[in-house]
Amino acid sequence: MELVCPAGNLPSLKTAVDHGADAVYIGFRDETNARHFAGLNFGPAKISDGIQYARKRGVKVFLALNTYPQPSGWDRWRAAVDQAAEAGVDAVIAADLGVLDYASKRHPNLNLHLSVQGSATNYEALSFYKEHFGVRRAVLPRVLSLSQVRHVVENSPVEIEVFAFGSLCVMVEGRCILSSYATGRSPNNYGACSPASHVEWRETPEGLETRLGGVLIERYPQGCNAGYPTLCKGSYRVDDHTYHAIEEPTSLNTLELLPKLAECGIKAIKIEGRQRSPVYVGQVTRVWRAALDACRRDPGRYQPRPEWLAELGKVSEGTQTTLGAYHRPWQ
Amino acid sequence: MTTQPRISVGPISYYWPKEQVEAFYERVAETPAEIVYLGETICSKRSQLRTDDWLAIAERLAAAGKEVVLSTLALLEAESELQRVRRICTNGRYLVEANDMGAVHLMAGKPFVCGHSVNVYNDHTLALLARQGLRRWVFPVELTHESLADMQRRRPAGVETEVFAYGRLPLAYSARCFTARARNLPKDDCQYCCIDYPDGLTLSAQDDTRFLALNGIQTQSARTVNLVAEIPRMRTLGVDVIRISPQSQQTERVIEVFHRCLHGEMAPHAAEAELAPLMPVGPCDGYWHGIAGLAQHSKALA
């Protein structure tokens, strides 16, 4: 299985390459990708440096162009596809039907991957993208159980990539607009979920409150570490109970599932986190490289090593991890 | 260009007992709604009505002169779910609303509608789907009337536009069942508890602001979107169909108010005031006006 690592900037890209990524994925510095954060991502010069650095070391570069243009923004997305093709990326990761259609017609030699934001959870959907755009690979939303993943792979006309580690979307990606309900901005329309521009931190007599678009997401007692107010990971009240009604602040970690994912026929595993630091990228890439190598050498006796888990635990959201939907009881 | 939009009744997003569903559609048959979407779109475990039961309702509504459209599940994971969708896609009689790209693929070459859970954000997407047989599409609920105007200018011939104009907003889908989670039940043994919440289970922030509604694997807005005051604009934008999403109480009254407004028998702002008390929590219209979805822009109620 290929290890696909995040790179929010050139130092992260180099770190991922140096620590054993088989591919890195990047984005342009605007809303054409789902990590449209201030100070993050690549301009044209940096992309070319990054591609050169990666290619010399036999590592591929994918470019995420995975948000949904509206008519007024179309020219920007179209130009981004052209720039990606011109820069010579190994694949463009896209979600929007219009973008995929344009890319496949204008640049027939450009490899296309269906982004997780394309929201394809079944092989009938994957067949559509294969037939119409010649998509080579698809990234599955983080909502399928392991047996469902296996069933998709068995029937899929394209290679399958799945998320292995990182912050966890509990909703089907590409079809969640909780963020814009509170702020006006969502991954689909702006390239960001729970955008920092709409976050407030308030000291109150009840403790530290975090708000998103004015909506109270979490309340922390004095002295507690406050987390980022991602909308789906807040504490809410349903009837008389206050709890994480949608999802706990937790990260996906599938280290223990590696042999099963390999056996399913998964082509690539993806690490989330273009918004994270080069230090995160280095640590996570190193651990997953070691794990993949160990799994390949002897899948039958593969066991995640305690030091790997400890290392990943340190960089996980809320310092907890879960097997997510791969693990049936989670559903 | 102005149009006289028709009213549609969207699929019931909640889990209601079979008798309630049948009684609901008996009443809908008597309303001025011209198009009725039928079927389970949220959770394949909901079993009060089987496909044959839906087809029987379809038959009765068609006999009453309604255009019937069969709606498919939004989130397709299991093979059994694909089988159910295949059966709907090959029904041979009624138009189908595809709510996932898998259903779009299955409808290739046949006429179909794209529901709001298929992302149609630009005219290039619309043109591509039109080549596959798209007859009608539902405008994404998070987009603005300006985007709709841009789309309408470039809309392919023969494709109708539908706007989700009334109802709790569909915001997200998950593998997880949040209603079962609220009741501390595993999804595998959910005991069909969503049947206890005919309009979804309202979730509040810790300061008691009512924020979302849990509907099984779907998350909706707590507030009800209401675009009745935008009917004049929708007409000038050439909107063909105005969708009303069913709620457990007084949907017929909602249809009536929209109908009267469409026919100039009630002023839009009066209609807005008339509808406000019928909502479980209150109104919103922010998305349409380019602000947060939960905001209420129209001032009639302020």
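The values are calculated or read from the model by the stated rules, or taken from the named source; none is laboratory data. This one's a predicted model, so the numbers in the text were calculated from it and none came from an experiment. With ideal geometry, Cβ positions are generated from the backbone for all residues, glycine too; neighbour counts draw on all protein chains shown.
Some notes on this structure:
- Looking across segment A:74-92, just one residue is among the aromatic types (Phe, Trp, Tyr) and within 19 Å of residue A:116 (Cα to Cα), and that is A:77.
- In the set A:273, A:207, A:214, only one residue is more than 24 Å from residue A:153 (Cα to Cα), touching a Cys at 6+ places or on another chain (Cβ under 9 Å) and within 14 Å of another protein chain (Cβ to nearest Cβ); that residue is A:207.
- Test: residue in segment A:293-316 that is at pLDDT below 90 and crowded, with 19+ Cβ neighbours inside 10 Å: yes
- Given (1) without any contact (Cβ under 8 Å) to a residue 60 or more places away in the chain; (2) over 15 Å from the mean Cα position of the chain (by Cα), number of the condition residue B:46 does not satisfy: (1)
- Put simply, of A:50, A:43 the only residue that is closer than 30 Å to residue A:258 by Cα and over 17 Å from the mean Cα position of the chain (by Cα) is A:50.
- Residue within segment A:65-75 that is within 28 Å of residue B:144 (Cβ to Cβ) and acidic (Asp, Glu) present: yes
- Of the helices (runs of 4 or more DSSP H) entirely within segment A:63-145, those holding at least 3 residues that are within 8 Å of another protein chain (Cβ to nearest Cβ) occupy A:97-106, A:123-133.
- Residues in segment A:122-152 that are surrounded by 21 or more Cβ atoms within 10 Å (Cβ to Cβ) and in contact with a Phe, Trp or Tyr (Cβ under 6 Å, 6 or more places away or on another chain): A:135, A:142, A:152.
- Matching residues in segment B:159-176 - criterion: being modelled with pLDDT of 95 or more and either at positive phi or within 8 Å of chain A (Cβ to nearest Cβ) (or both): B:167, B:169, B:171, B:172, B:173, B:174
- Residues satisfying the stated conditions in segment A:194-244, i.e. of a type outside the set (Asp, Glu), surrounded by 18 or more Cβ atoms within 10 Å (Cβ to Cβ), assigned to a strand (DSSP E or B) and over 23 Å from the mean Cα position of the chain (by Cα): A:210, A:211, A:215, A:216, A:219, A:236, A:237, A:238
- Residues that are assigned to a loop (DSSP other than H, G, I, E, B) and either outside the structural domain of residue A:300 (by TED's automatic domain parsing) or of a type in the set (S, T, N, Q) (or both), drawn from segment A:250-272: A:250, A:254
- Scanning segment B:182-208 for residues that are at the interface with chain A (Cβ under 7 Å from one of its Cβ atoms) and within 25 Å of the chain's Cα centre (by Cα) yields a count of 5.
- Test: residue in segment A:180-191 that is within 30 Å of residue A:264 (Cβ to Cβ), not assigned by TED's automatic domain parsing to the domain that holds residue A:130 and not basic (Lys, Arg): yes
- From A:194, A:179, A:156, residue being without any contact (Cβ under 8 Å) to a residue 60 or more places away in the chain, in contact with a Leu (Cβ under 7 Å, 6 or more places away or on another chain) and at positive phi: A:194
- Some residue of segment B:95-117 being at positive phi, at pLDDT below 95 and out of contact with any strand residue (DSSP E or B) (no Cβ under 6 Å at 6 or more places or on another chain): yes
- Criterion: in contact (Cβ under 8 Å) with a residue 60 or more places away in the chain, over 30 Å from residue B:155 (Cα atoms) and within 19 Å of the chain's Cα centre (by Cα) - qualifying residue of A:30, A:90, A:18: A:90
Table: residues versus (1) under 27 Å from residue B:172 (Cβ atoms); (2) crowded, with 18+ Cβ neighbours inside 10 Å.
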| site | (1), (2) |
| --- | --- |
| B:17 | yes, no |
| B:26 | no, no |
| B:31 | no, yes |
| B:66 | no, yes |
| B:77 | yes, yes |
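- Residues that are away from every other protein chain (no Cβ under 14 Å) and not in a loop (DSSP other than H, G, I, E, B) were ranked within segment B:62-87; the one that is farthest from residue B:10 (Cα to Cα) is B:63.
- Residue match in segment A:216-230 (condition: on the phi > 0 side of the Ramachandran plot and either assigned by TED's automatic domain parsing to the domain that holds residue A:61 or in contact (Cβ under 8 Å) with a residue 40 or more places away in the chain (or both)): no
- Here residue B:214 meets the list (1) surrounded by 24 or more Cβ atoms within 10 Å (Cβ to Cβ); (2) more than 8 Å from every other protein chain (Cβ to nearest Cβ) almost entirely, failing just condition (2).
- Within segment A:153-193, the set of residues being surrounded by fewer than 23 Cβ atoms within 10 Å (Cβ to Cβ) and in a helix (DSSP H, G or I) comprises A:153, A:154, A:155, A:190.
- Just one of the listed residues (B:125, B:179) is touching a strand residue (DSSP E or B) at 6+ places or on another chain (Cβ under 7 Å), hydroxyl-bearing (Ser, Thr, Tyr) and crowded, with 23+ Cβ neighbours inside 10 Å, and it is B:179.
- Whichever residue in segment B:140-158 is free of Cβ contacts under 8 Å to residues at least 60 places away in the same chain and within 26 Å of residue B:284 (Cβ to Cβ) and, among such residues, is farthest from the chain's Cα centre (by Cα): B:150
- For segment A:3-46, filtered to residues that are in contact with a helix residue (DSSP H, G or I) (Cβ under 6 Å, 6 or more places away or on another chain) and under 21 Å from residue A:100 (Cα atoms), the residue that is surrounded by the fewest Cβ atoms within 10 Å (Cβ to Cβ) is A:31.
- On the stretch given as segment B:181-205, residues that are over 14 Å from residue A:235 (Cα atoms) and part of a loop (DSSP other than H, G, I, E, B) total 11.
- Members of segment B:33-48 found to be on the phi < 0 side of the Ramachandran plot, touching a Leu at 6+ places or on another chain (Cβ under 9 Å) and part of a loop (DSSP other than H, G, I, E, B), listed by number: B:40, B:41, B:42, B:43, B:44
- In segment A:150-181, the residues that are facing another protein chain (nearest Cβ under 10 Å) and more than 15 Å from the chain's Cα centre (by Cα): A:151, A:152, A:155, A:177, A:178, A:179, A:180, A:181
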